[in-house]
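*Asks:* Dropping a structure here in structure tokens format, bear with me for questions.
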Ligand code: NDP
């Protein structure tokens with residue numbers, strides 16, 4: 001893990017940090033000594049983190065969460081937009097609601113957070129915005145038209161933010177995990193899991209900590225010249241994309 005060498009602990013926000021990948025990311029920042037706020041709809045946070053209930057689809061809830069974080073930890077210096085959902089089904093069966101709930105959470109929610117975080121970062125003249133996308137955003141995935149579109153959208157958003165905010169030393173990057181052992185993938189059948197592993201050069205799923213270490217690196221001093229990048233953590237599944 002790359003150490004945070006800045007003198008003061010940073011104010012870090014991890015959305016969807018009560019379980020899975022987000023929890024591992026929150027724990028990794030806590031281990032580096034940062035002040036970490038964690039949001040989710042159902043609550044829960046690792047020890048030492050500020051635990052906030054905030055549905056990213058609710059603009060007022062996002063505003064309230066930022067106000068609480070700013071009061072407790074100061075302006076957000078590192079945003080990790082991780083909260084995400086799936087509503088998988090084949091395109092002809094995909095309802096308007098399947099589409100809009102996934103896009104509203106994964107893409108519009110991330111826009112809402114990045115916009116609000118950028119406000120404080122512009123004043124600070126520094127900041128790190130990290131979006132958790134997915135290998136399927138670039139590869140495509142049958143049954144995930146909504147999810148893959150939302151995850152691909154994060155790449156265009158990060159690269160636009162990188163251009164818009166770069167002159168103020170704010171970076172915007174994407175981490176694109178492959179398959180990771182979490183609640184989200186627990187719903188897959190054993191046959192599906194076997195088929196996925198057969199396509200991954202490393203032949204296994206990622207541990208949540210392996211995604212977290214890419215995120216803490218992007219937030220570290222050592223990654224200060226990295227912006228608009230898509231960092232795969234996918235065991236080689238998406239090579240070439
Ligand atoms: P989980 O389903 O385990 O966790 C999802 C997290 O997002 C939970 O903390 C959940 O908390 C939160 N969340 C969901 N909807 C909302 C919402 N509307 N507002 C606030 N929080 C919300 O997923 P993972 O840990 O597996 O996934 C985390 C991210 O990584 C997602 O963006 C996912 O798309 C991405 N990803 C996952 C992969 C995998 O294989 N697992 C692969 C590639 C990318 P609560 O339910 O309490 O709101």
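The values are calculated or read from the model by the stated rules, or taken from the named source; none is laboratory data. Only a predicted model underlies this, so the values are computations on that prediction, with no experimental measurement involved. Here the Cβ is made from the backbone with ideal geometry for all residues, glycine too, and neighbour counts use every protein chain on show.
*Asks:* Without any contact (Cβ under 8 Å) to a residue 24 or more places away in the chain and more than 23 Å from residue 114 (Cβ to Cβ): which single residue out of 203, 178, 236, 240 fits that description?
*Replies:* Answer to the check: 240.
*Asks:* Okay, moving on. The conditions are (1) in contact with a strand residue (DSSP E or B) (Cβ under 6 Å, 6 or more places away or on another chain); (2) within 11 Å of the ligand (Cβ to nearest atom); (3) at negative phi; (4) not in a strand (DSSP E or B), and residue 72 fails exactly one of them. Which is it?
*Replies:* For residue 72, the failing item is (2).
*Asks:* Now for a different question. Quickly run through segment 87-100 and pick out the residues that are surrounded by fewer than 16 Cβ atoms within 10 Å (Cβ to Cβ) and closer than 17 Å to residue 153 by Cα.
*Replies:* Once the filter is applied, which keeps residues that are surrounded by fewer than 16 Cβ atoms within 10 Å (Cβ to Cβ) and closer than 17 Å to residue 153 by Cα, segment 87-100 yields only 100.
*Asks:* Moving on to the next point. In the list 45, 24, 28, which residue meets the criterion of being closer than 17 Å to residue 129 by Cα, within 16 Å of the ligand (Cβ to nearest atom) and modelled with pLDDT of 95 or more?
*Replies:* Just a single option satisfies the conditions, and that option is 28.
*Asks:* Grab the helices (runs of 4 or more DSSP H) fully contained in segment 162-241, keeping just those with 3 or more residues being in contact with a strand residue (DSSP E or B) (Cβ under 6 Å, 6 or more places away or on another chain).
*Replies:* Passing ranges, in order: 208-219.
*Asks:* Enumerate the pairs (first residue in segment 29-45 and farther than 21 Å from residue 62 by Cα and assigned to a strand (DSSP E or B); second residue anywhere and more than 8 Å from the ligand (Cβ to nearest atom) and at pLDDT 95 or above) with beta-carbon separation below 8 Å, excluding pairs fewer than 6 apart on the same chain, so at least 6 apart or on different chains.
*Replies:* Partner pairs satisfying both residue conditions: none exist.
*Asks:* Which one of the conditions (1) surrounded by fewer than 24 Cβ atoms within 10 Å (Cβ to Cβ); (2) within 14 Å of the ligand (Cβ to nearest atom) does residue 150 fail to meet, given that it meets all the rest?
*Replies:* With respect to (1) surrounded by fewer than 24 Cβ atoms within 10 Å (Cβ to Cβ); (2) within 14 Å of the ligand (Cβ to nearest atom), residue 150 is out only on (1).
*Asks:* Do we find a residue being at pLDDT 95 or above, touching a helix residue (DSSP H, G or I) at 6+ places or on another chain (Cβ under 8 Å), within 18 Å of residue 17 (Cα to Cα) and not in a loop (DSSP other than H, G, I, E, B) anywhere in segment 80-96?
*Replies:* Yes, because at least one residue in segment 80-96 is at pLDDT 95 or above, touching a helix residue (DSSP H, G or I) at 6+ places or on another chain (Cβ under 8 Å), within 18 Å of residue 17 (Cα to Cα) and not in a loop (DSSP other than H, G, I, E, B).
*Asks:* Exactly one of (1) touching a helix residue (DSSP H, G or I) at 6+ places or on another chain (Cβ under 8 Å); (2) near the ligand (Cβ under 7 Å from one of its atoms); (3) free of Cβ contacts under 8 Å to residues at least 60 places away in the same chain is unmet by residue 50. Its number?
*Replies:* With (1) touching a helix residue (DSSP H, G or I) at 6+ places or on another chain (Cβ under 8 Å); (2) near the ligand (Cβ under 7 Å from one of its atoms); (3) free of Cβ contacts under 8 Å to residues at least 60 places away in the same chain applied to residue 50, the lone miss is (2).
*Asks:* Something else: Please state which one of 79, 92 is more than 10 Å from the ligand (Cβ to nearest atom) and closer than 13 Å to residue 15 by Cβ.
*Replies:* 79
*Asks:* State all residues of segment 162-202 that are under 27 Å from residue 28 (Cα atoms), surrounded by fewer than 14 Cβ atoms within 10 Å (Cβ to Cβ) and at pLDDT 95 or above; if no residue qualifies, say none.
*Replies:* 166, 201, 202
*Asks:* Moving to a separate point now. Can you pull out every residue in segment 132-147 that is within 12 Å of the ligand (Cβ to nearest atom) and either assigned to a helix (DSSP H, G or I) or free of Cβ contacts under 8 Å to residues at least 12 places away in the same chain (or both)?
*Replies:* The answer is 136, 137, 138, 139, 141, 146, 147.
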